[in-house]
Structure formats: C-alpha cells, structure tokens
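Student: One structure follows; several queries about it will come next.
The values are calculated or read from the model by the stated rules, or taken from the named source; none is laboratory data. For clarity, every value in this text was computed on a predicted model and none was experimentally measured. As a convention, Cβ positions derive from the backbone with ideal geometry for all residues, glycine included, and neighbour counts pool all protein chains shown. Protein only, heavy atoms only, side chains kept; ligands, DNA and RNA dropped before computing areas. Shrake-Rupley method; radii C 1.70, N 1.55, O 1.52, S 1.80 Å.
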Amino acid sequence: RNCWRNAKRRLPADMARADRLERMDVRREELEGDYRAALIEALQATAAGAWGLFDHQQNKAARAKVAPVLANLADLAETINDLREQLAMEPFALHAEFLAARGPVSSSAVGEPKQAAAWLERLTPSD
C-alpha cells in the first residue's frame, strides 16, 4: 500500500522532468536552426567575395570585420553544447567542423569564396 502511494508521488516529478527535457530539446533545435542560418548568411557573404570567415590570410582587418559573426556563432554553439550535454547528446558537430575548417592553409588551397561556396552547397538543400 505505501509502495503504491510513493509511486504515485513520483509520477508527477517524472512527468515534470520529461516536460523539462522536451522543452530543452525544442530549444536546442531552435538554436541549431539559428546557428545554421547565421553560418549560411556568413558563408553567402564570403562566397560573394568577403574574406576573413575562414581566416586563411590571417589579416587583422578581415578578422575584425568578421569578429562579431564569429562571436555570435561561438555563443550559439556554446549554448547548444550545454543543452546537448544536459540531454546526453554528442557535441554540436557543425560548429566543430566549421572551426576545423578555419585557419592558415597552403598556397595551393582554394580561396575562402570557393570554400564558402562548397560549404553552402553542403548546407543548403537543392530544389
């Protein structure tokens, strides 16, 4: 009898936890969409000829110009990764891939606009 009574008491707490986890997951999905949209916008600018997003040339002026974009992406990724950790999910792969693509490259590597175009092709569905 007491066992059943205790089980009834735990049920609302379990439901509240499930609701909280569901809200966190919905928020994670929204933020991942925001990240993707911000990255696509930055890639479109880079594909149009604006250098600095991938930091190939390590130019101070180009770095300063894209700093707000990079800070926004980093903030979003940090929040997403915090949520993913709480939800026992893998880290946010898109941000890790983007960070890995940044930095100095050999002189024979494609330029930032071509690299951005390749990323856009991968991230945007073709009709």
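Student: Based on what the data block shows, is Glu41 acidic (Asp, Glu), under 25 Å from Leu21 (Cβ atoms) and modelled with pLDDT of 95 or more?
Tutor: Spelling it out, it is not the case that Glu41 is acidic (Asp, Glu), under 25 Å from Leu21 (Cβ atoms) and modelled with pLDDT of 95 or more.
Student: Let me ask something else. Return the residues of region 92-106 that are open to solvent by 80 Å² or more (accessible area, probe 1.4 Å) and either charged (D, E, K, R) or within 15 Å of Asn59 (Cβ to Cβ) (or both); say none if nothing qualifies.
Tutor: Pro104
Student: Among the candidates Arg36, Arg27, single out the residue that is open to solvent by 40 Å² or more (accessible area, probe 1.4 Å), among the charged types (D, E, K, R), farther than 24 Å from Gly103 by Cβ and in contact (Cβ under 8 Å) with a residue 40 or more places away in the chain. Steps first, please.
Tutor: On the way: Arg36 fails: farther than 24 Å from Gly103 by Cβ.
One residue alone meets the criteria, Arg27.
Student: When the residues of region 93-118 are narrowed to those that are in a helix (DSSP H, G or I) and of a type in the set (D, E, K, R), which ends up nearest to Asp55 (Cα to Cα)?
Tutor: Glu112
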